[in-house]
Amino acid sequence: MGRHALTTIICLLAAPVAARASIPAFFRELAAEFAVEYAPLQERAYTELCARYGIDIDDPANAEVHLQLAFLHDLLTCVSADDCARGGILEIPYFWHWIEPNPRHAIVALPDSTLLADHRPAAPYDRYASRADIDRVPALYLTDLVSEQPRYHHPECETFFTFGWCSEREMAFVALATALGFSAKIVQFGIHTHTEVWVPLRRVDGTTMDFAVRIDNTFDTITWLPLPAGKARPQWLGEEGEGARVHWYNQQARSPRQLEVLRGTAVGPRARERIRTLVRAAIRSAR
């Protein structure tokens, strides 16, 4: 990635933000802040993608979208579908749901140190039996993530800010990507879900090539798949796989109400510094 392209990326990402930016604005700001240090970690993958498909490697818009999606994925991903498994820069633990016994019933709410299973949820989650049983939609998942203090404790994985299994992780990712201006969806086959993001890239001959970027935030994979020529974006958005609940997942991930909460939630100073510290440490260890 050339220096000119990287400089342009930083200018594109670095819009002015308030001292207490909203969740989407904060993550955009974070990508800009660490672009110089993070870009070399993605240089090989970006170079290979451009060489394979004739993508213009010096086009700043191409480089920006590649860098931004990789960064967001590295922040939010996990590494396996095991209870308490942590992965990614923000170390968000995985927890199974809707099984017996439900491991979430052992999670403790902080700071009062009472079991989530002993808490009756308030609206809009009051149809669930307890706070341990809630499907963690983006508004809950991401506002917990940027809390000023840890929200939860589990005897096998200590304290943490938010948690979720595959569908909850992908709902949060798609909601955040949508708030940042991407077209994204959740796809389900069997019991597993992943994200796909529609990305047009400019080729060296001046034409545009559309990709479905397959991002798995449970098993830490990201794959750029070219879409058939002539594929329409609305048709693509409707192709959600075969899961019984995948349409509901997409409704929640792209819900105006969910996005309104993300845009209306300010990220406080402790959360900002905690997340920045984790990013710095991850980049340092990856060099």
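Side notes on the structure shown:
- The protection proxy used here, the mean number of other Cβ atoms lying within 10 Å of each residue, ranks peptides 84-92, 107-115 as follows, highest first: 84-92, 107-115.
- Axis of helix 60-76 versus longest Cα principal axis of the chain: the two differ by about 20°, to the nearest ten degrees.
- In degrees, nearest ten, helix 35-53 long axis to first principal axis of the chain (Cα): 60
- Applying both filters, DSSP loop and at most 12 other Cβ atoms within 10 Å, to the trypsin sites (Lys or Arg not before Pro) of the range 113-196 gives Arg127.
- Per-residue HN-Hα couplings for the range 104-117 [Karplus 6.51, -1.76, 1.60; θ = phi - 60°; Hz; x = Gly/Pro]: 6, 6, 9, 7, 9, 7, 10, x, 7, 6, 10, 5, 4, 5
- Leu278-Leu225 FRET efficiency (beta carbon distance; Förster radius 30 Å; 0.05 resolution): 0.50
- Ala266 long-range amide H proximity, modeled H, under 5 Å: none
- If the segment from Arg120 to Asn102 were pulled out straight at 0.36 nm per residue, it would be longer than the present Cα-Cα gap by 4.8 nm.
- Inter-centroid distance (Cα atoms) of the range 236-276 relative to the range 112-134, Å: 20
- Cα shape, the range 77-171, gyration tensor, a/c 1.5 rule: rounded
- For the range 144-200: relative contact order, % (alpha-carbon pairs under 8 angstrom, 6 or more apart): 24
- When only the Cβ of Lys, Arg, Asp and Glu is charged (+1, +1, -1, -1), the dipole of the chain relative to its Cα centre reaches about 580 debye.
- If a spin label sat at a point 7 angstrom from the Cα of Ala85 along the line to its beta carbon, the backbone N atoms of the range 96-129 nearer than 17 Å would be those of 96-99, 103-104.
- Each Cα pair under 8 Å and six or more residues apart adds its separation to the average, and for the chain the resulting relative contact order is 20 percent.
- C-alpha long axis of helix 23-33 to longest principal axis of the chain, angle in °: 50
- If you sort the three axes of the alpha carbon gyration tensor as a ≥ b ≥ c, you get a/c of 1.5 or more for the range 11-108 and a/b no higher than b/c, which makes it oblate.
- Charge dipole (the chain, unit charges on Cβ, about Cα centre) - positive-most of His154, Thr218, Leu90: Leu90
- Packing-based ranking, highest mean first, of 214-226, 64-76 given that Cβ atoms within 10 Å are counted: 64-76, 214-226
- Cα pair distances exceeding 33 angstrom across the chain, given as percent: 21
- 3J(HN,Hα) along the range 249-262: 4, 5, 4, 5, 5, 10, 5, x, 5, 4, 5, 4, 5, 4 Hz, from the Karplus curve 6.51 cos²θ - 1.76 cosθ + 1.60 with θ = phi - 60°, whole Hz, x for Gly and Pro.
- A Cβ-based charge dipole, computed about the Cα centre of the range 83-191 with Lys and Arg at +1 and Asp and Glu at -1, lands at about 300 debye.
- Phi-derived couplings, Karplus 6.51 cos²θ - 1.76 cosθ + 1.60 at θ = phi - 60°, listed residue by residue for the range 168-181: 5, 5, 6, 4, 5, 5, 5, 4, 5, 4, 4, 5, 8, x Hz, with x used for Gly and Pro.
- Relative contact order of the range 123-223: 17 percent, from C-alpha pairs under 8 Å at least 6 residues apart in sequence.
- Prolate/oblate/rounded call for the range 191-287, Cα gyration tensor, a/c under 1.5 rounded: oblate
- The label-point distance for Glu37 and Trp236, in a model that sets each label 7 Å from Cα toward Cβ, rounds to 3.3 nm.
- For the pair the range 50-87 / the range 162-199, the C-alpha centres are spaced 14 Å from each other.
The numbers here are math on the coordinates, done by the rules we state, and not lab data. Keep in mind that this is a model prediction, so the values were computed, not measured. Every residue, glycine as well, gets a Cβ built from its backbone with ideal geometry; the counts of neighbours run over all protein chains shown.
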